[in-house]
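See below for the structure under consideration.
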Amino acid sequence: SQQGEEDPQALSIQEGENATMNCSYKTSINNLQWYRQNSGRGLVHLILIRSNEREKHSGRLRVTLDTSKKSSSLLITASRAADTASYFCAHPHGNSGAGSYQLTFGKGTKLSVIP
Amino acid sequence: DTEVTQTPKHLVMGMTNKKSLKCEQHMGHRAMYWYKQKAKKPPELMFVYSYEKLSINESVPSRFSPECPNSSLLNLHLHALQPEDSALYLCASSLRLAGAVSGDNEQFFGPGTRLTVL
């Protein structure tokens, strides 16, 4: 299955700084999602942005979506040590038929927030 | 209850063993998923069940056998695994399918089963 690209692959910042992660994808989508995964654990859904939205906020998270460039970014403001995790973007493999069942994940960004 | 539970948390098995992984959710979700995740890689979809019927099998070897006994339970039966099958196995569920336009597409993941095949 297709996989999006995320950059950077790894990001290390000081507590209190902002962290920005980017995601690119290749197909047309009707939504894009961001997930967090703490080391060796399950994924936690953070935020979903629809193709007709350009920006969405949830607490310290801000997500943007540029469908013309097929890219999205996740901004975490005022980072905390507890934000240390891997972050994945994900999108449906299609919006009809078998593709609509599949969530395609990007390669992920490993974020380290240093206290 | 907004939780997906998985048992066991850890499993070590030999190549001749038969074991099962279990997943349970009580959110009324009708789509359930099995993913395999190797270290430092994203999850890879293995199987999708929709309304207790197998909808997607991503060319997974037959030594992995999924089962959905009812709308709340999902099992993954393991037999004659190889050492390269060692990975984190994640179960997830969602109210709607990933590509549905109407909303509630997010997937809820369990904590995973860390499988080691010797």
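Okay, here's what the table says:
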read-out: Output for segment A:1-52, where each listed residue is among the hydroxyl-bearing types (S, T, Y), within 8 Å of chain B (Cβ to nearest Cβ) and free of Cβ contacts under 8 Å to residues at least 40 places away in the same chain; value: none
read-out: Any hit, segment B:40-51, residues being without any contact (Cβ under 8 Å) to a residue 40 or more places away in the chain, among the basic types (K, R) and within 12 Å of chain A (Cβ to nearest Cβ); value: yes
read-out: Residue within segment B:48-58 that is closer than 17 Å to B:S86 by Cα and not β-branched (V, I, T) present; value: no
read-out: Selection from segment A:6-37 of residues that are of a type in the set (D, E) and modelled with pLDDT of 95 or more; value: A:E15, A:E17
read-out: Residue within segment A:72-85 that is within 14 Å of chain B (Cβ to nearest Cβ) and modelled with pLDDT of 90 or more present; value: yes
read-out: Pick from segment B:91-105, criterion at pLDDT 75 or above and facing chain A (nearest Cβ under 9 Å), ranking: nearest to A:G40 (Cα to Cα); value: B:C91
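The values are calculated or read from the model by the stated rules, or taken from the named source; none is laboratory data. Remember, it's a predicted structure, so these values are computed and weren't measured experimentally. Please note: Cβ atoms are built from the backbone with ideal geometry, for glycine as well, and neighbour counts cover all protein chains shown.
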